[in-house]
1. If GLU76 satisfies all but one of (1) of a type in the set (D, E, K, R); (2) open to solvent by less than 20 Å² (accessible area, probe 1.4 Å); (3) over 18 Å from ARG5 (Cβ atoms), what's the number of the condition it fails?
2. Return the residue satisfying two criteria in turn: it lies in segment 31-50 and is open to solvent by less than 70 Å² (accessible area, probe 1.4 Å) and modelled with pLDDT of 75 or more, and of such residues it is farthest from GLU116 (Cα to Cα).
3. May I ask you to list pairs of residues, at least six apart or on different chains, whose Cβ atoms are under 6 Å apart, with the first in segment 21-33 being in contact (Cβ under 8 Å) with a residue 24 or more places away in the chain and the second being open to solvent by 40 Å² or more (accessible area, probe 1.4 Å)?
4. Could you tell me which residue of segment 13-27 is nearest to GLU123 (Cα to Cα), considering only residues that are touching a Leu at 6+ places or on another chain (Cβ under 9 Å), open to solvent by 50 Å² or more (accessible area, probe 1.4 Å) and assigned to a strand (DSSP E or B)?
5. How many residues does segment 65-108 contain that are assigned to a helix (DSSP H, G or I) and of a type outside the set (Phe, Trp, Tyr)?
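The values are calculated or read from the model by the stated rules, or taken from the named source; none is laboratory data. For clarity, every value in this text was computed on a predicted model and none was experimentally measured. Here the Cβ positions follow ideal geometry from the backbone for every residue, glycine too, while neighbour counts run over all protein chains shown. Each accessible area value is taken on the protein alone, full model and side chains, heavy atoms only, with ligands, DNA and RNA left out. Shrake-Rupley method; radii C 1.70, N 1.55, O 1.52, S 1.80 Å.
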Amino acid sequence: MKTKRILGIWMDHSVAQLSEYSNGNFMTETIESKPKSLVNEEDLYYKDESHRLNKEQSQLAAYYKKLSDAILNYEEVILFGPTDAKNELVNSLKDNHLFEKVKIVVQPADKMTESEQHEFLKEFMSPSASHLRVVK
């Protein structure tokens, strides 16, 4: 019997911690949205608010694209974290037929250390916790 591949993603708008449980260990990868603190020369010339907003939206879209590319490799994904970023990501995937076979679960969660994220995922994956799952 093939083991179901499950990915846990703790995320906010600036960073995502992707964790997969495999062979008794967690493998974790970090994906970052471009830090807002970096200022390039272009930003010095464009003080227009709409330009900055468009640039932020473009960076966020690229961030969600990186996450969606990772999600395609799994049968089940849990998105958890403190902001609405997880819901925004789900909404961006909703109409894409490539994600029809991926079960995506969304759970609210506070800011967590990596070990707390792993404990959260172990609890989520346990058979007795199946009634706690909320699918969006």
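1. Failed condition: (3).
2. The first filter runs over segment 31-50 and keeps only residues open to solvent by less than 70 Å² (accessible area, probe 1.4 Å), leaving 31, 33, 35, 40, 43, 50.
Subset that is modelled with pLDDT of 75 or more: 31, 33, 50.
Details: ILE31: 18, SER33: 22, SER50: 38 Å.
Only one residue tops the list, namely SER50.
3. Final answer for the pair search is ILE31/LYS66; SER33/SER14; SER33/GLN59.
4. Going residue by residue through segment 13-27, those that are touching a Leu at 6+ places or on another chain (Cβ under 9 Å) are 13, 16, 18-21, 26-27.
Applying the additional criterion that residues be open to solvent by 50 Å² or more (accessible area, probe 1.4 Å) yields 13, 21, 27.
Add one more test, that the residue is assigned to a strand (DSSP E or B), and what stays is 21, 27.
Numbers: TYR21: 12, MET27: 17 Å.
In this case the residue turns out to be TYR21.
5. Result for segment 65-108: 18.
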